[in-house]
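Structure record follows, encoded as C-alpha cells.
Just so you know, all these numbers are worked out from the coordinates, no wet-lab data involved. This is a predicted model, so every value here is computed, not measured. Don't worry about glycine lacking a Cβ; one is built from the backbone with ideal geometry, like all the others, and counts go over all protein chains shown.
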Amino acid sequence: MIPACPLAALPRGEALRVETDPPIAVFHTEDGELYAVDDTCTHQDASLADGWLEGCEVECPLHASRFDLRTGRVDAPPAKLPVRTHQVVVQDETVYIVPSDLPPNLPPGVRTGSA
Amino acid sequence: MKSVAIVGASLAGLSTARALRAQGFGGRLTIVGAEPHRPYDRPPLSKEFLAGQMTTADLALEGDGEDLDADWRLGVAATRLEQGRSLRIALADGSAVEADGVVIATGAVARTLGGDLGGVHTLRTIEDAATLRADLDAARRLVVIGAGFIGAEVACVARTLGLDVTIVEAAPAPFARALGPEMGAALAGLHEDHGVRLICGAAVRGLTGEGRVDGVLLEDGRRLDADVVLVGIGARPVVEWLDGSGVRVGDGVVCDTGGATSMPGVVAVGDCAAWFDPALGAHLRVEHWTGAARRPATAARTLLSGGAAVPDTLAPPYLWSDQYGMRVQFAGHTLPGDEVSVEEGDLASRRFLAVYRREGRTVAVLGVDQPRSFTRWRRRVNEPAGAR
C-alpha cells in the first residue's frame, strides 16, 4: 500500500499525481468517490491528473479521450487501450493506493524505470 | 442511403467511417486513399517518429481487430466527382466508385518552393519523415524555411540530434499567424534558449546548390549554408479533383456548420474542408488533428439525415505541439487586434498561460507547459462575455 496524500489535501473535483513508477493519478470526484488509475494516457504521454474530471470520467488533457475511472475503459479514440486502475483505501484520514498487479498500458515511447 | 464513399483514408476519413457505423449506417462503405497505407497518425511524424521514439506500427490509427466492414481502395487517388443518378468518383487507375453519399476527406499537401534539389524536404507523409530523418542523420546544418509548428518541431528534433539549426521566416514574427506576434515572439524565445538561430522578416529568394542543396539565399542578399532544408510554409487543400463537379470550393471545400457542401449528399471533413464557424462569422479551414477527429461525427449525422440533423456546437479549433519537452497548447482563433494577457506563469520562465480577448470575450487560450490550467481555460473559449 502506497500513501498518496492526506485526505484533506485532495478536495472534491481535484486530482493528484503520485510519483510512482509509472506515476498514478488519484481523483476525488464531486460525488466524494476516490479513484486511482495510471496517470499516463494510453495514447500519448499526457498526465490524466491534468485532465478534465466530470462525474466518474476523466478527459485526457491532450486529445480528449475519456476514461471511466471505475473500469479504466476508454470511450473514444485516439486512445485504444484502457488505463490500468488501482484500488484506493482511506485509513486514518490518509489516502492509500493498492497498486495493481496487472501490466500497465503505457503509450509508445514511454517506459517504466524497470522495463 | 445505401452506400457511402469516403475519399481520403487518413484521420478525418477513418473517423467518418467510424461515426457512420456508430450511427447505424449498415450499407456499403468504400474508403479511397491516395497513399498506400492504412490510416496513420501524422502529428508524431515531426515529433516522436522523427526522433526515433515511435515506430511505423505505433502510428496505426486503427485498433487491433477493428473492422468497419469497408472496401478499402488504397494507393489510388480520386480524379473526378460527377453527379448523375448517383454520385460517381473516378479514380486514377481508371476505375470508379458509385455511391449515394460522398465524404470528401482528401486533406492537404505541403506547399513547396519548386525545384528538385536533393536535401530539400517537406513533411506530410510517413515517407517524408523517413527520408528527412535519414538526411538529418548525415547532416550538420539544417535551415527551416517558415516558422510554423512543423518547422519548429523539426528544428527541435534536429537540435537534439546535434545539428546547427536556423529558422527563416518571412513575417516579422514567428508563429504569428497562429498565435499573434506577441506570443509568437514568446515562443521564439524557447527556440533561442536551445541554440536555434531565428531570422524573421527575411524572405527567401531561392536555394543554391548543384544537384543537392548547399544554401538558402535571402532577399537581403544573405546566404545561409545548409546541408538539409525543410520547407514548412503551410499546406494547400487537395481539391483539384473537384474541378467541374459543382461542389463549391474556396480556400478548401465550402461547408456549413454541419459539414454539408453545396452538393446534396456530399459532406467534407478534415484539412480540405472550410466549415462555417459561427463564433467567427466566416468559413475557416482548420488543419488541426482535433477537428479531423471530432467533426466527422457531426458530418456523418448531416449525411445520414440528409441535412436535417441540427449540427453540434462547433468546438473551438485546438492544436498542440511538443518543443524541447514543453507542451504547447492552443485553442480558439486569434485575429489581429485581440487583447492578450498572461494569466498564469510568466513569459521569462517560458511557462505561461495567455488568454486572448475580443470585446471582452475569451476567443483563444495558449498554454506553454501549463496543461492543467489549459484544460480549465479551454472551456471558456467563445463563452459569452461576462459568463464567468
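How long is the gain from B:L280 to B:L68 if the chain were fully straight, where each residue apart is worth 0.36 nm and the alpha carbon distance is subtracted?
72.8 nm
For B:S349, B:S86, B:S15, what ranking results if the residue with the fewest other Cβ atoms within 10 Å of its Cβ goes first?
B:S349, B:S86, B:S15
Which three semi-axes in whole Å describe the equivalent ellipsoid of region A:2-98, each the square root of 5 times a Cα gyration tensor eigenvalue, listed largest first?
Semi-axes, largest first: 21, 13, 11 Å.
Give me a comma-separated list of calculated 3J(HN,Hα) values for region B:232-244, in order, Karplus coefficients 6.51, -1.76, 1.60 applied at θ = phi - 60°, integers in Hz, x for any Gly or Pro.
So the Karplus estimates, Gly and Pro as x, are x, 10, x, 9, 10, x, 8, 10, 4, 5, 8, 3, x Hz.
Within 15 Å, Cβ to Cβ, of B:G115, how many net charges do the neighbouring residues add up to if Lys/Arg are +1 and Asp/Glu are -1?
Counting the neighbours of B:G115, the net charge comes to 0.
Using modelled backbone amide H atoms (1.01 Å from N, in-plane), which distant-in-sequence or interchain residues come within less than 5 Å of A:E14's amide H?
A:H28
Label-point separation (nm) for B:A171 and A:D101, each offset 7 Å from Cα along Cα-to-Cβ?
Distance between the two pseudo-spin positions: 5.7 nm.
For region B:112-231, which semi-axes, largest first and in whole Å, follow from the square roots of 5 times the eigenvalues of its Cα gyration tensor?
21, 17, 13
Only Lys, Arg, Asp and Glu count, each charged at its Cβ (+1, +1, -1, -1), so figure out the dipole size of chain B about its Cα centre, rounded to 20 debye.
880
When the expected Rg is taken as 2.2 N^0.38 Å, what fraction or multiple of it is the alpha-carbon Rg of region B:173-308?
Region B:173-308 yields a ratio of 1.42.
Go through region B:66-80 residue by residue and turn each phi into a ³J(HN,Hα) via Karplus (6.51, -1.76, 1.60, θ = phi - 60°); whole Hz please, and just put x for glycine and proline.
For region B:66-80, the Karplus curve yields 5, 9, 8, 6, 10, 8, 8, 10, 9, x, 9, 8, 7, 10, 6 Hz.
Looking at B:V238, B:N382, B:A185, which one has the Cα that reaches farthest to the positive end of the dipole of chain B (charges on Cβ: Lys, Arg +1; Asp, Glu -1)?
The Cα lying farthest towards the positive end belongs to B:N382.
Report, by chain and number, residues whose modeled amide H sits under 5 Å from the one on B:V144, excluding near sequence neighbours (fewer than 5 apart, same chain).
Amide H to amide H, under 5 Å and 5 or more residues apart or across chains, B:V144 pairs with B:T166, B:I167, B:V168, B:L230.
What's the center-to-center distance, using Cα atoms, between region B:332-383 and region B:256-304 in Å?
Taking the Cα centre of region B:256-304 as reference, the centre of region B:332-383 is 25 Å away.
Using the Kirkwood radius built from alpha carbon pairs, what does the Stokes-Einstein equation give as D for chain B at 10 °C and 1.306 mPa s, in µm² per second?
For the chosen part, D equals 72 µm²/s.
Nearest 5 percent is fine: what portion of the DSSP beta bridges confined to the protein assembly as shown is antiparallel?
Expressed as a percentage, antiparallel bridges in the protein assembly as shown total about 70.
Which whole-number percent of Cα pairs in the protein assembly as shown have a distance greater than 41 Å?
Summing the P(r) tail past 41 Å for the protein assembly as shown gives 22 percent.
Can you run phi through the Karplus equation (6.51, -1.76, 1.60; θ = phi - 60°) for region B:348-355 and list ³J(HN,Hα) in whole Hz, with x for Gly and Pro?
4, 7, 6, 10, 7, 10, 10, 10
In the neighborhood of B:R28, defined by Cβ-to-Cβ distances under 13 Å, what is the net charge if each Lys or Arg adds +1 and each Asp or Glu adds -1?
-1
How about region B:204-286: which GluC sites (Glu not before Pro) there are in a DSSP loop, with at most 15 other Cβ atoms within 10 Å of their Cβ?
Within region B:204-286, the qualifying GluC sites (Glu not before Pro) (loop, at most 15 other Cβ atoms within 10 Å) are B:E210, B:E219.
Counting Lys +1, Arg +1, Asp -1, Glu -1, what net charge surrounds A:E57 among other residues with beta carbon under 11 Å of its beta carbon?
Overall, the nearby charge balance is -1.
Tell me the mean residue ellipticity at 222 nm calculated for the protein assembly as shown from its helices only (DSSP H runs of n ≥ 4, each -39500 (n - 2.57), averaged over every residue, nearest 500).
Here the helix-only value at 222 nm equals -4500 deg cm²/dmol.
Can you put A:V58, B:V247 in order, fewest other beta carbons within 10 Å first?
B:V247, A:V58
Please report B:E344, B:E169, A:E30 as a ranked list, fewest other C-beta atoms within 10 angstrom at the top and most at the bottom.
Sorted ascending by nearby Cβ count, the order is A:E30, B:E344, B:E169.
Across 5 Å bins from the origin, how do the percents of Cα pairs in region B:325-378 run, short distances first?
Reading upward from the zero bin: 5, 23, 32, 23, 14, 3, 0.
Per 10 Å bin from zero, what fraction in whole % of the C-alpha pairs of region B:95-171 is there, up to the bin with the longest pair?
15, 44, 21, 11, 8, 1
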